[in-house]
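The structure appears right after this line, and notes come after that.
The values are calculated or read from the model by the stated rules, or taken from the named source; none is laboratory data. Just so we're clear, the structure is a prediction, and the values are computed from it rather than from any experiment. Cβ: placed from backbone, ideal geometry, glycine included. Neighbour counts: every protein chain shown. The area values use the complete protein model at the heavy-atom level, side chains included, leaving out ligands, DNA and RNA. Shrake-Rupley method; radii C 1.70, N 1.55, O 1.52, S 1.80 Å.
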Amino acid sequence: MLFRSTLREKPRKAGYLHVRPQTAMPTHSANAARIVKAGFAYFGLVFGAGFFLGSIRVPFLVPRFGERIAELIETPFMFVVVVIAARYIARRYSLPPQPFIRLSVGAIGLSLLVVAELAFVAAVQRGSISEYVANKDPVAGTVFLAMLVLFALMPLILGRLQLARERHLA
């Protein structure tokens, strides 16, 4: 243990945050953390916009047009939100267009969105989840499921479009 004293770190000053220098290649755990953060942010943006649009849909559109038409009117706006949120998240978190990374972000966002939706149904509507699914309008419910699939796949779709654009320009 002759060299032990040279391997010890210098004592840190109180109040200072010790930060390791950045490496050229991010580690696996740094990539995983970035993917999880991106998934949470993607969920947050889309859920927040959906909550806002739902607060307009329920009191103003449902009484006038009914549940089915109101949900179908809201769908194109949610599609635009999903596209914008996926583009923003990909840029904000510098997500490479690799399928595994993009699908992971979408899967994390989808998982959180489904949990939040079911928790909201259980808390606000005071019914069981099976009643919620059984009472869902077949047309609006199918469109809702399609939107969930698009939500999960949108980061990947935009990544593929980005790759195609880069190949075309090269």
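Before moving on, here are some points about what is shown:
- Condition met for residue 141 (in a helix (DSSP H, G or I) and under 19 Å from the mean Cα position of the chain (by Cα)): no
- When residue 73 is tested against (1) more than 17 Å from the chain's Cα centre (by Cα); (2) part of a loop (DSSP other than H, G, I, E, B), just one condition goes unmet, and that condition is (2).
- Cβ-Cβ under 9 Å pairs, at least 6 apart or on other chains, the stretch 26-53 side open to solvent by 50 Å² or more (accessible area, probe 1.4 Å), far side among the polar types (S, T, N, Q): 34/94; 36/104
- Within the stretch 89-104, the residues that satisfy the criterion of being part of a helix (DSSP H, G or I) and under 12 Å from residue 159 (Cα atoms) are 89, 90, 91, 99, 100, 101, 102, 103.
- Residue in the stretch 55-71 that is among the aliphatic types (A, V, I, L, M), in contact with a Leu (Cβ under 8 Å, 6 or more places away or on another chain) and open to solvent by 60 Å² or more (accessible area, probe 1.4 Å) present: yes
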